[in-house]
Structure formats: structure tokens, C-alpha cells
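Worksheet for the structure shown next.
The values are calculated or read from the model by the stated rules, or taken from the named source; none is laboratory data. No experiment lies behind these values; they were computed from the predicted model shown. Neighbour counts run over all protein chains shown; Cβ positions are idealised from the backbone, glycine included. Side chains are part of the model used for accessible areas, which takes the heavy atoms of the whole protein and leaves out ligands, DNA and RNA. Shrake-Rupley method; radii C 1.70, N 1.55, O 1.52, S 1.80 Å.
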Amino acid sequence: MPVRRVLHVVRQYAPSIGGLETYTREMAIRQRRRGIETEVLTLDRVFNPPAKELPRRETIDGVPVRRVGSIGGTRYFLPLVDPRSLRNVDLIHVHAIDPFFDMLAATRTLHGRPLVATTHGGFFHTDSYSRAKRLFFRTVTPASARAYALLLANSANDAETFTGLGPPVRLAPNAVVPLADRPLTGPDLLALGRLSENKRPDLLVDFMAALARHRPAARLHIVGPDSAHTRDSLTAAARARGVADRVTVHGFVDAATLSGILGTCGYYVSASRFEGFGMSLIEAMSAGLVPIVQDNAAFAELVGAAGVGTLTDFAEPARAAADAAGAMARVEAEDSSAGAAGGERRRAVAFSRHYDWDALVDTVTALYETALAGPRRSATPEPMSRAGDAR
């Protein structure tokens, strides 16, 4: 059965900025270009920094956005949405395993729509409340998952984690928009992504202090939304460690500014403890930036598959600095020998092309049709004019 109307449900959307928001935006826009009528349902406030209540309805990039209120905080909230107002679509696609995931499962008899969810790493990005998270994952999450026709795993790690909860799990890795049209060969290092606890940007400052002994001219650019309000503390830490002139915390930047920063960079670094997929790493590879990253499951999977970059442990700054210095020397020798971007950079760009948006949209759309044809298929949706609005 062809899919005509899809509702994408995500807790944060524009004007919020982040990987989850970007993924949902790109999917909704690109599906719409293919004739699928997409809409986004999200909360009416941005978590970081807290913003005033946003418009309940808005069109962004040609995609209608419906916003609803909620009760609770940022970690767990109750969305104030009437599930009966969701009957005007063929299928509901939930992004992330969060309160929306649970609420739509619990109210499935009211909205009657087939449910598909993309895992986006689940909720194990940080060690905070780890015992409670594990208990929740063993009890509430399986009960909710049974209401879903399909789970789309962003990584092999996610696929392993979510297999066995009830619904079929299919691997559908993230896609990225290339950051540059050619491999970049600058001397600087780039850390790209939200400045949050699990990314451990503070360890990068210690790393740069240690790297100065190997590479006194090396500079680090830290770029990304400052959701944890750490920009000032990172800048102060760089000053205290004597690397204020070699560490620049840019925070969020626009596309033109990012392009200028990229022009000085040749390497990507991340001390992230956990990644659901590693989207920023693939984005960096798309520009020929060679990764020097934390040895976590998602990064190890990507670096191993690409055959480029170096895994290390940023909790040990001296070791990470030595590993980075060795990797940079290796890559520079390749670049010099090639007279341009060397083989490692070219392999990084080639690998990133496997994460093409058009291919992902094809995969996801085909899986939608599998979900609609399955045993959880529901009745024909109500016409849009008859569906109620979210509360």
C-alpha cells in the first residue's frame, strides 16, 4: 500500500538545532518532494536555551509544523495532544525513544495509526540516572515497543540494543549533507556537534594542552549549539591550561561562518562517551576531515568500516595527544606525497557518500509500506478536513 501522508513526531524541531532536528527536517522535506504529504508534530518550546511558547502552527521549509504543550521537564514530559487528532495520516513516524514514543503507543487504540520509530541511540547518551534508565528500558520500553510495526535502527549498535523488544528491527543508518565539495587539508582540528555532557568537550581542552608538546601550532575549533551553557567554562579552562590561543569555542555558527572555519581544518576530533550513530563524524568525513575520536561503539563501527582515522581515549590526554600527533603526521605525509588530498582523506569522502539522503528516503519509504502491509495495519485514515486539532 503506498504511503501518502506521514506525521513525523519529534520532541524538538526548528528553531531548535541539533542532529535529531536535522534528521527529521531532511526526511520530511525530501519525502514531500517525492509526493508524500508530510507534517511535523513537536513541542511548543525549545529546551536549550528555554524559549517563550512558539506558534502552535507554522510552515517551515514547506512542511507544516504542529506544536503542542506539555507537562513536566526536559527529561520526561507528558505531551498534551489529543491522539484522535492524529487520524488524518497513513502512518506516524516517531523520532527517538522518549515520552512521545510511549504516549503514542499507549494511545494507539485512539489514534489507530500504524507506528514506526527511529531509535537515534535510545536514551543512553549519558550516565545520568543510569539505573533508572536500565529499569525503564526493561519494563516500559518493551511494553511501548509492542505497539510499533517497525523500529528503524540508526546503527548496528542500536540494532543489537533494540532487537528482541517485540517489533522487527531494520538497519537504516543516518544520512548527511556534505559539508564541502572537496577534501579539506588545513592544519586545524574541528569538534562539531552539540556541546552537551555526553560529548565531554572539557576533555578536548586537556587534550589540546597535551598536544601542544607535540604540535605547538595546532589549533582546535569547537563548533555547535551550546545546550549545556558550557562555552564560558570551556574558554576559562583553555585559559587556565595555557591554550587560550589554540582553542576557540565558537558555539553555534551559521553556514557561512562554518565554511570559513572548515577552510582551516583537516581533522575531526570528538571525546564523546556515547553516540547513537555518529552523524557529525560522517559529516566531517564528507569534507575529507580525518577523524581522531573516542573509542566508543558507534565511532569504532564507522572508523573501522571506513578504514580511516584513529580511535583513542580522551580520558587519558597524554595518550590521546600522542595518538593524534601520529595520525596527523601520517596524513600529512600522504597529502605531501599526493600533492593534494591523500588517500585517507579521499577514502573518508568516498565512505561518507554511502550515507546519501536519497538512498535513505528510498529505504525508509519502502519500510513504511512494509509496516502498512503488516498485521498492525489499521483502517483508512480520516480525511484531513474531519480530523481534530492537537490540544
Of the conditions (1) over 22 Å from the mean Cα position of the chain (by Cα); (2) of a type outside the set (D, E, K, R); (3) assigned to a loop (DSSP other than H, G, I, E, B), THR59 clears all except one; give me its number. (3)
Of all the residues that make up the stretch 335-352, how many are surrounded by fewer than 18 Cβ atoms within 10 Å (Cβ to Cβ) and without any contact (Cβ under 8 Å) to a residue 60 or more places away in the chain? 6
Would you mention how many residues in the stretch 82-112 are of a type in the set (Val, Ile, Thr) and either open to solvent by 40 Å² or more (accessible area, probe 1.4 Å) or modelled with pLDDT under 95 (or both)? 2
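Output the residue which, of all residues in the stretch 334-357 that are aliphatic (A, V, I, L, M) and in a helix (DSSP H, G or I), is modelled with the lowest pLDDT. Explain how you work it out, then say what you get.
Start the filter on the stretch 334-357 by keeping residues that are aliphatic (A, V, I, L, M), which leaves 338, 340-341, 348-350.
Okay, now just the ones that are also in a helix (DSSP H, G or I), so 338, 348-350.
Numbers: ALA338: 84, ALA348: 96, VAL349: 96, ALA350: 95.
Once the filter is applied, the top-ranked residue is ALA338.
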Among the residues of the stretch 1-21, the number that are without any contact (Cβ under 8 Å) to a residue 40 or more places away in the chain and outside any loop (DSSP other than H, G, I, E, B) is 1
If you take the residues of the stretch 194-218 that are farther than 21 Å from THR264 by Cβ and part of a loop (DSSP other than H, G, I, E, B), which of them is most open to solvent (accessible area, probe 1.4 Å)? ARG213
When only residues in the stretch 219-229 that are at pLDDT below 95 and in a loop (DSSP other than H, G, I, E, B) count, which is nearest to TYR267 (Cα to Cα)? GLY224
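Of all residues in the stretch 22-51, which are more than 23 Å from ALA359 (Cβ to Cβ) and either hydrophobic (A, V, I, L, M, F, W, C) or not in a strand (DSSP E or B) (or both)?
LEU41, LEU43, ASP44, ARG45, VAL46, PHE47, ASN48, PRO49, PRO50, ALA51
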